[in-house]
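Remarks on the structure that follows.
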Amino acid sequence: MEKSDSKALLVQNDELDILTTENIDNDDVGFSSGYESNPESLLEVGDSSDQESDYKAKDAVNYNSTSALCEQLKYILSMPELCDVTFLVGPTKVPVHGVKAILGTRSRVMYQLILQKQKEEEENKSKKSRKSRISSRLVIDVKKYEPEDFRKIVQFIHCGAVDVTAKNVTGLLCGASQFKLMDLKVACWDFIKRCFKSENGSIAAIRKGAHQYSHHKTAGKLLSKISKHIEQASQETTSASPSSISSTPAVSSSVSSPPPSPSRLTTTV
């Protein structure tokens, strides 16, 4: 699983406050990073005697083309002059740009963060000088993320797509949990489960990232799962070792072979 695509149609918009408690199962479920699309036709056909209007309603086509839109929204992030919010990420304060309108409507937590920062800026400006002009660009410090990981999070919020790798999955998972991006969160856990099954060396990279984000609660859960996985794999190896040991004398009795090397003995033990 190399890429995660959001199913959200970015051309549609719902009000932020429309959320019923019927869909909430636990504390992890919150505002999604997007909105559900409506598979029904653009025009509803009601009971009407007007055949002409009925004919037009049936001929309506619900056409969606979001691939070009996603690419354009992604491209906006590389153009600071088109963005109105800048995140200074990490100790070196690497700038990551975004658009407040998109970030705020795609993530309720991001909306609250932006709104709170705007209020603080307005209060500070009013205290210093009533005549001072408030800058249209908002600057927010982000200290608990790696710059490239946070850039990927902002990219996903903007265009609904991001590449998930063993190197960045922990940062993306922590961001998905904090900013309530449930589809990205599911994609990250799915990627981690695939890495557990493949045993291709990705676990070491994921574990390193989890230690790097140990200040996040989600990273702590990930470290716990990795520890359980390693312990389980060790137990399976130990349970399989007696059979290999018992088979060794039979081979030695029938075939004359040199004694095993010390490294092989250490592995068997």
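The values are calculated or read from the model by the stated rules, or taken from the named source; none is laboratory data. Predicted model, so just to flag it, every value in this text is computed and none were measured. Note: accessible area is taken over every heavy atom of the protein model, side chains too, but ligands, DNA and RNA are not part of it. Shrake-Rupley method; radii C 1.70, N 1.55, O 1.52, S 1.80 Å.
Name the shape class, rounded, prolate or oblate, that the alpha-carbon gyration tensor gives for region 153-240, where a ≥ b ≥ c are the square roots of its eigenvalues, rounded holds for a/c under 1.5, and otherwise prolate holds if a/b is larger than b/c and oblate otherwise.
Verdict is prolate for region 153-240.
Residue 140's amide H: which non-local residues (gap 5+, or another chain) put their own amide H closer than 5 Å, with H modeled 1.01 Å from N in plane and none for Pro or chain starts?
86, 87, 88
Counting only protein heavy atoms and using a 1.4 Å probe, what share of the accessible area of region 58-115 belongs to carbon plus sulfur, as a whole percent?
Looking at region 58-115 in its full context, I get 61 percent from C and S.
Quick check: from the Cα gyration tensor, does region 55-198 come out rounded (a/c under 1.5), prolate or oblate?
In terms of gyration-tensor shape, oblate.
If amide hydrogens are placed 1.01 Å from N in the peptide plane, which non-local residues have theirs closer than 5 Å to the one on residue 94?
89
Once amide H atoms are built 1.01 Å from N in the peptide plane, which residues 5 or more positions from residue 145, or in another chain, come under 5 Å H to H?
Sorted by chain and number, the residues that satisfy this are 90.
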